[in-house]
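The values are calculated or read from the model by the stated rules, or taken from the named source; none is laboratory data. Since the structure is predicted, the reported quantities are computational estimates derived from the model, not experimental observations. Cβ: placed from backbone, ideal geometry, glycine included. Neighbour counts: every protein chain shown.
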Amino acid sequence: MRTYKIGVIGGDGTGPEVTLEALKVLNAVERNSDFKTELVHYDIGGERYLKTGEVLPENFAGELRKLDAVLLGAIGHPDVKPGILEKGILLKLRFELDQYINLRPVKLFPNVWTPLKDKMPEHIDFTVVRENTEGLYAGTGGFLKKGTIDEVAVQESVNTRKGVERCLRYAFEYTRKRNKNKTLTLCGKTNVLTYAFDLWERVFNEVGAKDFKDIKRDYAHIDAICMWMVKNPEWFDVIVTDNMFGDIITDLGAMIQGGMGIAAGGNINPEGVSMFEPIGGSAPKYTGQNVINPMAAISAAGMMLEHLGEDKAADRIEKAVMATVTEMPSQSAGKMGFGTTELGDKVAKLV
Ligand code: IPM
Ligand code: MN
């Protein structure tokens, strides 16, 4: 029997609660599968930082590299200055583990409320492939004359040929495998960011024309795509974009698919260790109240299994989530009609 070693980082706020439900479902799905998981729990997050002054233990990424995958709850603490945990934990792990893809499906399940009038599940079903290690997130730039009236702050978008190409190739492959409309939309800003997106567009066309003749290439500016995602989400199959634009449009995507309670994502290194997470934050005000929606975390566990090649188990989780959300009057915290743990029980029973 295959055994996967899974790192578990519950993290901050409601992260640990939703992660527990994801593990409950994982455990249930394993019972009728020919694989099992061995969990390694890590106490990482704001509480630990406040207690010890250390954001991450020494060589933590090296530790995670020994695993098959990582399941993450949420990172972010109200008593810690913004940026410290996000950059010191989440972004650091994405970078050090070279998880160069952030894969974020936007899928409206039947009976889930969307703010888009007249849009049904058949209209909202696409995936965003977000570059996850470069762009404005690379952290280059700096201050000049900080604190004076002549202060200058520069933050640069770093786009390497290698980074852009590997992201685009992944997106093309993914579009092929997804086999829906076989259409890949590059989202950029070629009319203003004439260096960065010139590179993206050239590589997109080059790689597409050479190795992915079966995939239709499409392009949309970032501002326009915000419009189309609201007005005509059915136009999209797979969208590929840089780190910052991907961050922004996946929050928009999460909203049109029913909210943060339901949106999951994967930080993927196709050649290394990947990390799966609900894309919402740590929601401190709901911590410990059993009111937060665990569906995103459960779906993240499903994405993890799919990534590990356990397609059948992943499919069972998706079906069980779909059946469970049908019974929920809302996907918003506190209005779900059931508690966090009850929802985990329901999904676990159905897988
Ligand atoms: C996300 C989050 C992170 C990001 C933050 C917490 C650093 O918003 O996963 O989308 O910007 O990537
Ligand atoms: Mn984000």
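From the list D242, D218, pick out the single residue that is surrounded by 14 or more Cβ atoms within 10 Å (Cβ to Cβ), among the charged types (D, E, K, R), closer than 14 Å to R104 by Cα and out of contact with any Pro (no Cβ under 7 Å at 6 or more places or on another chain). Quick ask: steps written out before the conclusion?
Numbers: D218 fails: closer than 14 Å to R104 by Cα.
Among D242, D218, only D242 is surrounded by 14 or more Cβ atoms within 10 Å (Cβ to Cβ), among the charged types (D, E, K, R), closer than 14 Å to R104 by Cα and out of contact with any Pro (no Cβ under 7 Å at 6 or more places or on another chain).
It is to be established whether one or more residues within segment 304-315 are in contact with a helix residue (DSSP H, G or I) (Cβ under 6 Å, 6 or more places away or on another chain), buried (at least 22 other Cβ atoms within 10 Å of the Cβ) and under 15 Å from K107 (Cα atoms).
Within segment 304-315, none of the residues are in contact with a helix residue (DSSP H, G or I) (Cβ under 6 Å, 6 or more places away or on another chain), buried (at least 22 other Cβ atoms within 10 Å of the Cβ) and under 15 Å from K107 (Cα atoms).
Tell me the residue from I292, I298, I268 that is among the aliphatic types (A, V, I, L, M), more than 15 Å from ligand 1 (Cβ to nearest atom), more than 19 Å from P121 (Cβ to Cβ) and surrounded by 24 or more Cβ atoms within 10 Å (Cβ to Cβ), please. Break it down into steps so the answer makes sense when it comes.
On the way: I298 fails: more than 19 Å from P121 (Cβ to Cβ); I268 fails: more than 15 Å from ligand 1 (Cβ to nearest atom).
On inspection, the qualifying residue turns out to be I292.
Each row is one residue, and each column tells you yes or no for (1) assigned by TED's automatic domain parsing to the domain that holds A297; (2) not charged (D, E, K, R).
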position: L26; (1), (2): yes, yes
position: R31; (1), (2): yes, no
position: D34; (1), (2): yes, no
position: Y49; (1), (2): yes, yes
position: P57; (1), (2): yes, yes
position: L72; (1), (2): yes, yes
position: P110; (1), (2): no, yes
position: M120; (1), (2): no, yes
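If you scan segment 210-241, which residues turn out to be among the aliphatic types (A, V, I, L, M) and in a strand (DSSP E or B)? Reasoning before the result, please.
Filtering segment 210-241 for residues among the aliphatic types (A, V, I, L, M) gives 215, 220, 222, 224-225, 227, 229-230, 238-240.
Within segment 210-241, A220, V238, I239, V240 meet the criteria.
Looking at P278, P233, can you tell me which residue is surrounded by 16 or more Cβ atoms within 10 Å (Cβ to Cβ) and under 30 Å from G339 (Cβ atoms)?
On the way: P233 fails: under 30 Å from G339 (Cβ atoms).
Of the residues listed, the single one that is surrounded by 16 or more Cβ atoms within 10 Å (Cβ to Cβ) and under 30 Å from G339 (Cβ atoms) is P278.
Take G288 and tell me if it is of a type outside the set (A, V, I, L, M), modelled with pLDDT under 95 and in the same structural domain as L39 (by TED's automatic domain parsing).
no
Please state which one of F197, F276, F204 is within 16 Å of ligand 1 (Cβ to nearest atom), among the aromatic types (F, W, Y) and either assigned to a loop (DSSP other than H, G, I, E, B) or out of contact with any Pro (no Cβ under 9 Å at 6 or more places or on another chain) (or both). Can you show your working first?
Working: F197 fails: within 16 Å of ligand 1 (Cβ to nearest atom); F204 fails: within 16 Å of ligand 1 (Cβ to nearest atom).
The conditions single out F276.
Name the residue, out of I292, I298, that is within 22 Å of E21 (Cβ to Cβ), part of a helix (DSSP H, G or I) and away from ligand 2 (no atom under 16 Å from the Cβ). It would help to see each step written out before you state the result.
Numbers: I292 fails: part of a helix (DSSP H, G or I).
After applying the criteria, what remains is I298.
When residues of segment 191-225 are filtered for being in contact (Cβ under 8 Å) with a residue 24 or more places away in the chain, within 14 Å of N159 (Cα to Cα) and among the β-branched types (V, I, T), how many remain?
1
Need pairs with beta-carbon distance below 9 Å; first residue farther than 18 Å from M304 by Cβ and not assigned by TED's automatic domain parsing to the domain that holds M229 and within segment 94-108, second of a type in the set (S, T, Y) and more than 14 Å from ligand 2 (Cβ to nearest atom); sequence gap 6+ or separate chains.
Close Cβ pairs satisfying both conditions: F95/T133; V106/T127; L108/T114.
How many residues are buried (at least 21 other Cβ atoms within 10 Å of the Cβ) and over 20 Å from G288 (Cα atoms) when one looks only at segment 65-98?
7
For a quick check of your reading of the model, give me the residue pairs whose first member lies in segment 226-249 and is closer than 19 Å to W200 by Cα, whose second is within 16 Å of ligand 1 (Cβ to nearest atom) and among the hydroxyl-bearing types (S, T, Y), with beta-carbon atoms closer than 6 Å and at least 6 apart or on different chains.
Close Cβ pairs satisfying both conditions: V238/T127; N243/Y137.
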